[in-house]
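Please read the structure below before turning to the comments.
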Amino acid sequence: GTMTWTGIDCHVYEQHEEIAQKVLASAEAESPPQLTYSPSSKEFLADDFSLSGEYRPVVLDKVEMVV
C-alpha cells in the first residue's frame, strides 16, 4: 500500500537551516528503511508500526535546541 502524510505545523528554525540543507543535499540513502503500518484495530496504535532494514543517519551534526 501507500501512505499519504500531511504536515500541519512543519517548519525549520533559522538555527537549523544549515543542517536541513545538509540532509536535503545528501544522496546517501541507498536503501532506506521501510516503515510498515499494519492496523490491528480501529485505533491508531504505536505497536501497529514496524521498521525494517538498517537505519543509517544521514547527518550526525548536533544543533541548538529552540524552546
Residues of segment 8-27 satisfying the condition of being assigned to a loop (DSSP other than H, G, I, E, B) and exposed (fewer than 10 other Cβ atoms within 10 Å of the Cβ): ILE8, ASP9, CYS10, HIS11, ALA27
Qualifying residue in segment 59-66 (condition: touching a strand residue (DSSP E or B) at 6+ places or on another chain (Cβ under 7 Å) and modelled with pLDDT of 80 or more): no
Close pairs (9 angstrom Cβ cut-off, 6 or more residues apart or separate chains): more than 24 Å from SER52 (Cβ to Cβ) in segment 12-36, acidic (Asp, Glu) and at pLDDT below 85 anywhere: TYR13/GLU64; GLN15/GLU64; HIS16/GLU64; GLU18/ASP61; ILE19/ASP61; LYS22/ASP61
Scope segment 46-67; condition more than 18 Å from VAL12 (Cβ to Cβ) and either surrounded by 10 or more Cβ atoms within 10 Å (Cβ to Cβ) or in contact with a Leu (Cβ under 6 Å, 6 or more places away or on another chain) (or both); matching residues: ASP48, PHE49, SER50, LEU51, GLY53, ARG56
From TYR55, TYR37, residue being at pLDDT 85 or above, at negative phi and of a type in the set (Phe, Trp, Tyr): TYR37
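The values are calculated or read from the model by the stated rules, or taken from the named source; none is laboratory data. Just so you know, these numbers come straight off a predicted model, no measurement behind them. Because the Cβ atoms are built from the backbone with ideal geometry, glycine has one as well, and the counts that use them run over all protein chains shown.
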